[in-house]
Amino acid sequence: MDARSLAQRDPALFLQTWPPPVLIDEIQYAPQLLSAIKLCVDRDQRNGAFWLAGSQKFHLMRGLGESLAGRVAIVDLLGFSLAELEGRARASRPFLPTQQWVAHARHAAHRENWQSPRLMDIYQRIWLGAYPRLNEQGPAARDVFYRSYIQTYIQRDVQDVLKVSDQLAFNRFLGAVAARTGQLLNYANLARDVDIDNKTAKAWLSVLETSGLVYLLQPYHHNLTKRLVKAPKLYFLDTGLAAYLTKWPDASSLEAGSQSGALLETWLLTEILKSYWHNGREAPLHFYRDTDQREVDLLIETGEALYPVEFKKTASPSQNASNQFTVLDRLGKTIGPGAIICFVERDIPLSPRVTAIPVGYL
């Protein structure tokens, strides 16, 4: 008997046939199951009885919100992290540039006979992307995979929510967004380049964000300063998809091209996001930029402190690289240890409060 048709026709019998603990994939295709699961959960309140997964986030979240509110923990899973691809995921912790985190990452890496990934190793990962199936199939499958993914995504999620009549315009919009990864979001410029109005640009970008294709990193605000920019920074959550949409044919051309720095920053930011999300944690991430163009790529906020992070495409960070963190002193917050994440082969102290951390530790 087909499992999906049974789930849709007779949810109670489905759960008798496959009793908990059970993992149900693509749950959005059988929303009838959710009410039956709710009854089971209310009768037996053990955690972990049902593991629900789905690839259509709009429908999945709608069903969970209506049927299982207060009864479910939600974990956003992106593509494979570097730690997962290298078999270090069990030792992975949410990134924080403290001595304890650095020592733990160093130990975890060296315990697995780790070698620091070289520049082109990282750009190959950036170019290929993090989707599990694509990492299994390899670079030869990349173009077909992403072309099919975009067609499926537009026909499924976008059409269901936005009813887009001009798919070519939406394709141009995807490319324009990918070209802006790592940049401040400017709706007017984005809309002008795609020849749509601002309202449409905001609606389309909201769909990309809700469906997990992009992430908006919010600027840090503090009541003591009014000279900070208010626009978020835009990041594509899979660098392989961004590289495909911006038509980089291989990792070498990407590394040497105009988006080299932006896509490296995007990849590093998403690796840090994964370190939080894949551990079931909220990611307390911001960035700093003021009207004088002084900027810190990433701020990690804890209850008591801000931890500054810079991303650099270098293997020889300057001893003065940490000087730009001094701009944060005016915020009136405790500033914790900082980091320059770059291509050093081992962690190196740049000052008493700032460490150069290898990209491979993430």
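The values are calculated or read from the model by the stated rules, or taken from the named source; none is laboratory data. Keep in mind the model is a prediction, meaning the values are calculated, not measured. Virtual Cβ from ideal backbone geometry, glycine too; neighbours counted across all protein chains shown. Ligands, DNA and RNA are excluded from the accessible area calculation, which covers all protein heavy atoms including side chains. Shrake-Rupley method; radii C 1.70, N 1.55, O 1.52, S 1.80 Å.
Only one entry in F50, F14 is surrounded by 13 or more Cβ atoms within 10 Å (Cβ to Cβ), over 28 Å from G240 (Cβ atoms) and modelled with pLDDT of 85 or more, namely F14. Of all residues in region 76-130, those that are of a type in the set (F, W, Y) and open to solvent by 50 Å² or more (accessible area, probe 1.4 Å) total 1. For region 235-244, the set of residues classified as in a loop (DSSP other than H, G, I, E, B) and open to solvent by 20 Å² or more (accessible area, probe 1.4 Å) is empty.
All of (1) at pLDDT 90 or above; (2) more than 23 Å from Q124 (Cβ to Cβ); (3) open to solvent by less than 40 Å² (accessible area, probe 1.4 Å) hold for L331 with one exception: (1).
Just one of the listed residues (Q124, Q100, Q137) is in contact with a helix residue (DSSP H, G or I) (Cβ under 6 Å, 6 or more places away or on another chain) and at pLDDT 90 or above, namely Q124.
Open to solvent by 30 Å² or more (accessible area, probe 1.4 Å), free of Cβ contacts under 8 Å to residues at least 40 places away in the same chain and over 23 Å from P358 (Cβ atoms) - does that describe any residue in region 269-281? The answer is no, given that none of the residues of region 269-281 is open to solvent by 30 Å² or more (accessible area, probe 1.4 Å), free of Cβ contacts under 8 Å to residues at least 40 places away in the same chain and over 23 Å from P358 (Cβ atoms).
Among the listed residues K230, K247, which satisfies the condition of being part of a loop (DSSP other than H, G, I, E, B) and either buried (at least 20 other Cβ atoms within 10 Å of the Cβ) or modelled with pLDDT of 95 or more (or both)? Walk me through how you get there before you give the answer.
Working: K230 fails: either buried (at least 20 other Cβ atoms within 10 Å of the Cβ) or modelled with pLDDT of 95 or more (or both).
From the options K230, K247, the qualifying one is K247.
Restricting the search to region 296-334, which residues are in contact with a helix residue (DSSP H, G or I) (Cβ under 6 Å, 6 or more places away or on another chain) and within 18 Å of P219 (Cβ to Cβ)? Quick ask: steps written out before the conclusion?
Let us first name the residues in region 296-334 that are in contact with a helix residue (DSSP H, G or I) (Cβ under 6 Å, 6 or more places away or on another chain), namely 308, 311, 313.
Within region 296-334, P308, F311 meet the criteria.
In this structure, V309 qualifies as touching a residue at least 40 places away in the same chain (Cβ under 8 Å), open to solvent by less than 60 Å² (accessible area, probe 1.4 Å) and under 21 Å from the mean Cα position of the chain (by Cα). Before we move on, is S211 buried (at least 17 other Cβ atoms within 10 Å of the Cβ), within 22 Å of the chain's Cα centre (by Cα), closer than 24 Å to V75 by Cα and at pLDDT below 95? So S211 passes the test. Scanning region 250-265 for residues that are assigned to a helix (DSSP H, G or I) and under 13 Å from K313 (Cα atoms) yields E255, A256, S260, G261, A262, L263, L264, E265.
All conditions but one from (1) in contact (Cβ under 8 Å) with a residue 60 or more places away in the chain; (2) of a type in the set (S, T, N, Q); (3) under 30 Å from K230 (Cα atoms); (4) open to solvent by 60 Å² or more (accessible area, probe 1.4 Å) apply to N171; the one that does not is (1).
Within region 285-306, the set of residues being within 12 Å of L96 (Cβ to Cβ) and either of a type in the set (S, T, N, Q) or under 19 Å from the mean Cα position of the chain (by Cα) (or both) comprises L285, L298, L299, I300, E301, T302. Here V354 meets the list (1) at pLDDT 90 or above; (2) exposed (fewer than 15 other Cβ atoms within 10 Å of the Cβ) almost entirely, failing just condition (2).
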